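Data first, discussion second: the structure below is written as C-alpha coordinates.
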Amino acid sequence: MNKPNYNLDLSEADKTIILPPYMEQIIGKDGEIYMLFESATAFYRQNPNLLHMDRVIKLKVKFKGSENSKE
(Lines give C-alpha, C1' and ligand atoms only; values in the text may rest on other atoms or scores of the structure.)
Protein backbone atom coordinates (compact mmCIF):
# COMPACT_ATOMS: atom_id res chain seq x y z
CA MET A 1 0.00 0.00 0.00
CA ASN A 2 1.32 3.46 -0.91
CA LYS A 3 1.47 6.04 1.85
CA PRO A 4 0.10 9.50 0.98
CA ASN A 5 2.64 12.25 0.33
CA TYR A 6 2.01 15.14 2.71
CA ASN A 7 5.00 17.18 1.50
CA LEU A 8 3.18 20.12 -0.03
CA ASP A 9 4.93 22.58 -2.32
CA LEU A 10 3.55 26.13 -2.41
CA SER A 11 4.37 26.39 -6.11
CA GLU A 12 1.83 23.61 -6.76
CA ALA A 13 -1.01 25.32 -4.85
CA ASP A 14 -4.12 26.31 -6.79
CA LYS A 15 -5.05 28.96 -4.21
CA THR A 16 -3.62 30.39 -1.03
CA ILE A 17 -5.42 32.27 1.72
CA ILE A 18 -4.34 34.26 4.75
CA LEU A 19 -5.97 33.07 7.97
CA PRO A 20 -6.10 34.53 11.47
CA PRO A 21 -3.23 33.40 13.73
CA TYR A 22 -3.34 30.67 16.38
CA MET A 23 -5.19 28.01 14.42
CA GLU A 24 -5.40 25.06 16.77
CA GLN A 25 -7.23 22.38 14.85
CA ILE A 26 -8.35 21.71 11.29
CA ILE A 27 -10.57 18.94 9.96
CA GLY A 28 -11.94 18.21 6.51
CA LYS A 29 -15.24 16.47 5.85
CA ASP A 30 -17.55 16.21 2.84
CA GLY A 31 -15.77 18.89 0.80
CA GLU A 32 -15.56 21.37 3.68
CA ILE A 33 -12.77 22.39 6.04
CA TYR A 34 -13.49 23.42 9.62
CA MET A 35 -10.89 25.48 11.52
CA LEU A 36 -10.83 26.08 15.27
CA PHE A 37 -8.65 28.83 16.72
CA GLU A 38 -6.78 28.76 20.01
CA SER A 39 -7.15 32.55 20.32
CA ALA A 40 -10.70 32.00 21.64
CA THR A 41 -9.23 30.84 24.97
CA ALA A 42 -9.11 33.22 27.92
CA PHE A 43 -5.30 33.35 27.76
CA TYR A 44 -5.39 35.07 24.37
CA ARG A 45 -8.62 37.06 24.89
CA GLN A 46 -7.05 38.83 27.88
CA ASN A 47 -4.32 40.27 25.66
CA PRO A 48 -5.72 43.35 23.85
CA ASN A 49 -2.79 43.32 21.40
CA LEU A 50 -3.74 39.96 19.83
CA LEU A 51 -6.36 39.17 17.24
CA HIS A 52 -9.06 36.94 18.76
CA MET A 53 -10.99 34.46 16.65
CA ASP A 54 -13.83 33.03 18.73
CA ARG A 55 -15.61 31.31 15.83
CA VAL A 56 -15.15 28.15 13.84
CA ILE A 57 -14.41 29.02 10.22
CA LYS A 58 -15.84 26.72 7.56
CA LEU A 59 -14.53 26.72 3.98
CA LYS A 60 -15.97 24.82 1.02
CA VAL A 61 -13.24 23.10 -0.98
CA LYS A 62 -13.41 22.17 -4.65
CA PHE A 63 -10.74 19.88 -6.05
CA LYS A 64 -9.61 20.00 -9.66
CA GLY A 65 -11.03 17.10 -11.60
CA SER A 66 -13.65 16.22 -8.98
CA GLU A 67 -17.38 16.21 -9.65
CA ASN A 68 -17.70 19.34 -7.47
CA SER A 69 -15.23 21.27 -9.60
CA LYS A 70 -16.28 23.67 -12.36
CA GLU A 71 -12.92 23.30 -14.14
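The values are calculated or read from the model by the stated rules, or taken from the named source; none is laboratory data. Computed from a prediction, not measured in an experiment: that's the story for all the values here. All Cβ positions, glycine included, derive from the backbone under ideal geometry; neighbour counts span all protein chains shown. Note: areas computed on protein heavy atoms with side chains; ligands, DNA, RNA excluded. Shrake-Rupley method; radii C 1.70, N 1.55, O 1.52, S 1.80 Å.
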Notebook entry, point to check: Between a first residue in segment 5-31 that is without any contact (Cβ under 8 Å) to a residue 40 or more places away in the chain and a second residue that is part of a helix (DSSP H, G or I) and open to solvent by 100 Å² or more (accessible area, probe 1.4 Å), which pairs have beta carbons less than 8 Å apart while being 6 or more apart in sequence or on different chains?
Noted result: THR16/LEU10
Next item on the list: Kindly indicate which of LEU50, LEU19, LEU8 is part of a loop (DSSP other than H, G, I, E, B), surrounded by 10 or more Cβ atoms within 10 Å (Cβ to Cβ), more than 10 Å from the chain's Cα centre (by Cα) and not hydroxyl-bearing (Ser, Thr, Tyr).
Entry: LEU50
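Condition check ((1) in contact with a helix residue (DSSP H, G or I) (Cβ under 7 Å, 6 or more places away or on another chain); (2) modelled with pLDDT of 85 or more; (3) open to solvent by less than 80 Å² (accessible area, probe 1.4 Å)) across all residues:
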| site | (1), (2), (3) |
| --- | --- |
| MET1 | no, no, no |
| GLU38 | yes, yes, yes |
| GLN46 | no, yes, no |
| LEU59 | no, yes, yes |
| LYS62 | no, no, no |
